[in-house]
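Participant: Have a look at the structure that comes next, please.
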Amino acid sequence: MITSGRLSLRRRRVRGRLTLLSPVILTVLIAGLAYATPPELAFSRLLPAAPALAAAMWPVLPTVLLGTAGLLLMIGLGIVFPDLGTWWTAAGIIAVTVAAAYGSHVRLQREQTLLQVRLVADAAQQVVLSPMPRRFGGIEIEALYLAAAAEASIGGDFYEVVDTKYGVRLLIGDVRGKGLPAVGTAAALVNSFREAAYDEADLVNIARRLEASSTRYNAAFPSEGMMERFATALLAEIPHGGGRIGILNCGHPPPLLLNRGEVRTLEPTDPAPLLNLAELIGDHYSIDAFDFAPGDLLLLYTDGVAEARDLDGQFFPVAAWLRQQRPGRPVELLSALHHDLLHYSRGRLDDDIAALAVRLCAAPESLDGRRDRPA
């Protein structure tokens, strides 16, 4: 039995091939109509449209060859129908083919430039969002990232997970803005977290280190205003033995905890200031502790998830969606989230999306603090 996914992939391949062959199909169709209809209808005058269409998807040489084939067809039609105005149409085919060849050349150059931009974005993604082990001792973690900018694979959302002597520590956040301009701030915050998470015994001190890094970066690379580069962030700490999870929330969407079919929103009792705003409203940080039992699933996400809209402008119901999910591995949860977000928004995501799914394994022998890397 062929699955629906395979059928969909096969249909996309067929559509892609038909699209690439459309200039040839158009040429044959116009030539057939020109031959089968009275000369007064002059369908042959549409032949220059084929090389013009080819320029949008073909390289230069095939575009020129198609224009040449159209020219030969026009000459042949002129022999069959002497009063067809062959030379005027032939001149049009030549002119359009030359213009189409130049347009194809320019398009290919721009596609090459775009490819280079994407390669740079991929390199930046490896620096900011480095690959992580899917398991830290008895804690399974999976990450999801979707950039809103079509020309890049990374934007203003960020995350990181490190295994320290204090427990597994997580960071997820969102820099105001999207695309490549937000990458610098995200990189500064992630790098600061990577150092502070190992050195600081308390999440409050880590938050202060992130605030200092954000302030320094914005002073070194000022934007139009200090408010332009503030960021939300959420810090979490899971002891190697499990049982409890500490969370420090700096204006970030609260995580969701799935426990036996029930979803709990882990709201902060005293929200901390957004990064780069502590000088304005004070650096008052507090840590909330929540139960985290084996088998529980924790979902941390950026506002791009909750603010994904359908065609009617309705926001994606994250908590209701999570309540319908079956308990399973984090990779399965995020795969379902990825699929359902794209389906809900019809593939039109207006903001970057990052999410972390965390599960505490039930096997007590795995809760020893060791990091198990995937094979």
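Participant: Given the structure, is Gly76 out of contact with any Leu (no Cβ under 7 Å at 6 or more places or on another chain), at pLDDT 90 or above and over 30 Å from Ala357 (Cα atoms)?
Facilitator: Considered against the rule, which asks whether it is out of contact with any Leu (no Cβ under 7 Å at 6 or more places or on another chain), at pLDDT 90 or above and over 30 Å from Ala357 (Cα atoms), Gly76 comes out as no.
Participant: Right, another one. Any idea which residue in segment 331-364 is farthest from Pro255 (Cα to Cα), counting only those that are more than 19 Å from the chain's Cα centre (by Cα) and modelled with pLDDT of 90 or more?
Facilitator: Applying the filter and picking the extreme gives Arg359.
Participant: Hey, among Glu267, Glu237, Glu262, which residue is within 19 Å of Val204 (Cα to Cα), touching a residue at least 60 places away in the same chain (Cβ under 8 Å) and not hydroxyl-bearing (Ser, Thr, Tyr)? If you could, list the steps in order and put the result at the bottom.
Facilitator: Working: Glu267 fails: touching a residue at least 60 places away in the same chain (Cβ under 8 Å); Glu262 fails: within 19 Å of Val204 (Cα to Cα).
The conditions single out Glu237.
Participant: Do you know which residues across segment 199-210 are farther than 13 Å from Leu171 by Cβ and not small (Gly, Ala, Ser)?
Facilitator: Asp199, Asp202, Val204, Asn205, Arg208, listed by residue number.
Participant: Could you tell me whether segment 301-316 includes any residue that is under 20 Å from Phe136 (Cβ atoms) and not acidic (Asp, Glu)?
Facilitator: yes
Participant: Also, quick follow-up: Between Glu211, Glu267, which is among the acidic types (Asp, Glu), out of contact with any Ser or Thr (no Cβ under 6 Å at 6 or more places or on another chain) and under 30 Å from Gly138 (Cα atoms)?
Facilitator: Testing whether each residue is among the acidic types (Asp, Glu), out of contact with any Ser or Thr (no Cβ under 6 Å at 6 or more places or on another chain) and under 30 Å from Gly138 (Cα atoms) leaves just Glu267.
Participant: Tell me which residues, restricted to segment 29-57, are hydrophobic (A, V, I, L, M, F, W, C) and closer than 21 Å to Ala99 by Cα.
Facilitator: Ile30, Leu46, Leu47, Ala49, Ala50, Ala52, Leu53, Ala54, Ala55, Ala56, Met57 - these are the residues of segment 29-57 that are hydrophobic (A, V, I, L, M, F, W, C) and closer than 21 Å to Ala99 by Cα.
Participant: A further question follows. Which condition breaks for Arg244 when tested against (1) within 16 Å of Val358 (Cα to Cα); (2) in a helix (DSSP H, G or I)?
Facilitator: (2)
Participant: Across segment 326-354, which residue is nearest to Ala182 (Cα to Cα) among those that are part of a loop (DSSP other than H, G, I, E, B) and of a type in the set (D, E, K, R)?
Facilitator: The extreme case among them is Asp352.
The values are calculated or read from the model by the stated rules, or taken from the named source; none is laboratory data. No experiment lies behind these values; they were computed from the predicted model shown. Counting neighbours? That spans all protein chains shown, and the Cβs are built from the backbone with ideal geometry, glycine included.
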